[in-house]
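Participant: One structure, as structure tokens, below. Some questions next.
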Amino acid sequence: MPICIECRHPVKTLWTSYSGAGDKSSGHNIRLTVCRKCGRFCDKYVEHDFVVLFIDMVLIKPQVYRHLLHNTLMRDNDCFDPSIIRLGVLLLLFDVYLTWARLEKQTLPHIAPGQSNLGELAQQPIVYQYFFFLILCSASTLAFHVSIRFLTSSRFSPLAPLGILPRYPRPNSVSTALLVSSSTKLFPILMIIWEYDVPAAARSLGWAVVANNVEALRILLDCKYYTACLLAFAGAAARWAVGRVVLATAGLADVDSMSDSSVTADGKALWALLVYAKQWAGRLAVG
Ligand SMILES: [Zn+2]
């Protein structure tokens, strides 16, 4: 059942169509339902196009997540919407590109300038290298989703008996929320146009994606912020651990190690992101 995106009150329909609806020459001829509880439109995003949705998603507006997760993409039998599967594939391919660029450009103390970070892997044919990164990213993404789905939806999840989070019986909806909120990852398409400091951009982006993931989980599961943060943290830890195992198997155990310098770099990236978000919010307020 759809909900009002402003107050979460369940509603029967989000709009009423009148005669001639669907006929382009006569306009839309639909009327948005007004919520009985809060008196606002139940779902204003019904009439908005994808660009508006994407901008509001980047700005982490809870209403847009409620629109996508409760009113558009959720199916009664908890199966994936085809557009979500396409988005998942696109995100994976972006992840391959970003991870590859990040690992290649990372400065490691024991590697001389001019030598590749990727060691023997760098001597392999490019297709072979691509498949390695594809496996690395698929395995890490899978670990991220499986761990969060386990914690939210499995009967064996420790969170339900501890009273932290009641069991949520729709694991595919959880994955949908994670994929939709990871769309921020598509931003590096701008890197094709502008020259970026790739490792710093990848880090800032990583934090932006985490913030979006936390918000989407909180809205879908209707839980507290710290519960959503806990889930996102558990997912990130599983992703990192699986990534380490794959890298170590390929003899690249030194790459991407958590050192002091990477923590400072993370801090700097987070700060840059906050400053950027503040400037952007200021510009929007003026405009
Ligand atoms: Zn309402």
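The values are calculated or read from the model by the stated rules, or taken from the named source; none is laboratory data. Just so it is clear, the model here is predicted, and its values are computed rather than measured. Heads up, the Cβs are rebuilt from the backbone with ideal geometry, glycines too, and the neighbour counts pull from every protein chain shown.
Participant: What tally of residues in region 34-71 results from selecting those that are within 11 Å of the ligand (Cβ to nearest atom) and over 16 Å from S183 (Cα atoms)?
Facilitator: Qualifying residue count, region 34-71: 11.
Participant: Only one of (1) surrounded by fewer than 18 Cβ atoms within 10 Å (Cβ to Cβ); (2) among the aliphatic types (A, V, I, L, M); (3) in a loop (DSSP other than H, G, I, E, B) fails for M74. Which number is that?
Facilitator: The number of the failed condition is (1).
Participant: Identify all residues within region 147-162 that are small (G, A, S) and either assigned to a loop (DSSP other than H, G, I, E, B) or not assigned by TED's automatic domain parsing to the domain that holds L220 (or both); write none if there are none.
Facilitator: Those that are small (G, A, S) and either assigned to a loop (DSSP other than H, G, I, E, B) or not assigned by TED's automatic domain parsing to the domain that holds L220 (or both): S154, S157, A160.
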